[in-house]
Amino acid sequence: MLKNNPIFLFIIALFFFYSCNKEHKNIESNDICIDIEKKAEVSIFDIFSKVEIIRLEINDSSIIKSIDKLFIYKDNFYVFDNFASQILSFNKEGKFLFDINNKGQGPDQYIKISDFDINNGRLSLISTIDGYIHLYDLQGNFVEKYRLPKIQGAYERIKYLNNDTIAFWTFDYNNRLKFYSKVENKIFKETMPQQNDIYSQFSTPVFPYSHYIVNAFDNRVMQMTDDGELTLAYKWDFGTLNNNIDNLKEAPESNSQEKLYDFAKKIYSSEIVNYFFGMAGGNSEYIYTQLIRKNKQINIFYNQKTSKKYVFEKTVEGAAIYPIFWAENYVVGIIPSGIKLNIDEILPNSILDNKNISIKNQINEFDNPILIKYYLKK
């Protein structure tokens with residue numbers, strides 16, 4: 001009989017071995033198997049112990065249009081506002097400390113910055129147009145600047161791998177990722193070619209945390225080594241809903257804003273691809289991503305220690321979540337600008353204590369973007 005056929009039994013065994021219905025991560029393949037259609041009832045308190053609101057002080061020097069990047073260093077917040085091309089710093093209570101808003105043509109000024117990082121007690125800002133790194137101390141004082149090697153396109157994102165090696169994400173579509181040595185002042189390795197098409201405009205944080213690199217349409221999360229090697233850290237596997245990569249080759253030419261807008265609508269509504277990655281993050285305990293699928297955000301938290309998976313659009317309390325910075329003991333999220341959300345859709349009273357409900361009730365339309373600190377359960 002067929003069911004006793006050794007070949008049939010072998011195929012069945014292989015199916016169960018590779019199936020994404022497993023409860024655990026496939027350690028050998030680094031796949032994290034998730035059914036994104038099967039969302040669970042997840043409480044905010046399944047993952048976090050408490051939620052805290054941080055209002056960033058607002059005055060004539062601290063107005064933020066949008067938070068495009070947040071970095072926390074020695075308990076202080078460092079905010080990159082791409083629209084204003086400036087860095088703003090606040091202490092852990094949200095009190096304004098200083099801003100770096102040094103646009104101009106002078107010897108210590110920049111024309112436009114696209115990203116920043118902090119390493120060895122220095123803020124490093126990328127001056128996109130002329131390819132300079134501008135260094136500031138942690139009080140916002142200019143220290144020095146130096147020229148990066150000329151490349152095709154321009155430098156866009158920055159990530160320190162150690163005191164000497166810096167990874168750059170660039171607009172050189174032949175090799176978007178470049179590894180640079182400060183000591184030798186040269187790019188010693190480059191990789192990750194990418195077609196210059198409409199898909200490249202769907203941006204993710206690129207360097208979401210630690211030494212990892214992500215791409216909006218790639219299920220693989222790669223890890224960068226100090227010597228410029230890339231290894232597979234892990235891969236999201238959504239079974240039959242995994243994107244068909246061939247669809248990415250059928251992008252129209254982006255020669256008009258109307259075509260761009262129509263194409264973007266189809267991407268968000270999953271008419272062309274099933275999803276794209278909007279956010280990513282993690283630490284030694286959790287791996288996180290947020291998918292955009294059918295015009296909705298799907299949050300995925302994967303606990304590396306317990307193999308527990310949390311898949312949800314909103315928590316059972318009705319809270320949406322937008323994490324932009326990960327530490328070992330907490331996650332910091334925002335109320336995103338440009339998204340029509342009632343504050344209760346991110347901060348329902350049921351997830352707040354009385355102190356934070358009082359802070360929430362003081363928030364008004366003239367506030368800076370609001371930070372939310374989620375303390376991880378231990």
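A short reminder: the numbers here are calculations on the coordinates, not readings from a lab. These figures come from a predicted structure and were not determined experimentally. Don't worry about glycine lacking a Cβ; one is built from the backbone with ideal geometry, like all the others, and counts go over all protein chains shown.
Some notes on this structure:
- Computed from backbone phi, the HN-Hα couplings of region 236-241 come to 7, 10, 9, x, 5, 8 Hz, rounded to whole numbers (Karplus: 6.51 cos²θ - 1.76 cosθ + 1.60, θ = phi - 60°; Gly and Pro given as x).
- Ascending count of other beta-carbon atoms within 10 Å, so fewest first, for VAL79, VAL206, VAL311: VAL311, VAL206, VAL79
- Once exposed loop chymotrypsin sites (Phe, Trp or Tyr not before Pro) are cut out (DSSP; at most 11 other Cβ, 10 Å), longest piece of the chain: 84-365
- Cα-based reach from LYS103 at 17 Å (exclusive), listing lysines while leaving out same-chain residues under 8 positions away: LYS65, LYS112, LYS145
- Calculated mean residue ellipticity, 222 nm, the chain: -2500 deg cm²/dmol, from DSSP H runs (n ≥ 4) at -39500 (n - 2.57) each, averaged per residue and rounded to 500.
- Modelled label positions at GLU345 and ASN242, each set 7 Å beyond Cα in the direction of Cβ, lie 3.3 nm from each other.
- Taking other C-beta atoms within 10 Å as the exposure proxy, THR204, THR170, THR231 rank THR231, THR204, THR170 from fewest upward.
- Under the span-like rule (Cα at least 27 Å along the axis, Kyte-Doolittle mean at least 1.6), DSSP H helices of the chain: none
- Shown here for region 91-172: trypsin sites (Lys or Arg not before Pro) in loop regions (DSSP other than H, G, I, E, B) with at most 14 other Cβ atoms within 10 Å, namely LYS92, LYS95, LYS112, LYS150.
- Which listed pairs, of LYS50/LYS377; LYS69/LYS92; LYS50/LYS360; LYS69/LYS159; LYS92/LYS378; LYS159/LYS373, have C-alpha distances above 18 Å, in listed order: LYS92/LYS378; LYS159/LYS373
- Computed extension length for LYS265-PHE83: 63.2 nm, one decimal, from 0.36 nm per residue of separation with the Cα-Cα distance subtracted.
- What the Cβ-Cβ distance of GLU57 and SER256 gives, at R0 = 41 Å and to the nearest 0.05, is a FRET efficiency of 0.45.
- The residues LYS50, LYS294, when put in order of fewest to most other Cβ atoms within 10 Å, stand as LYS294, LYS50.
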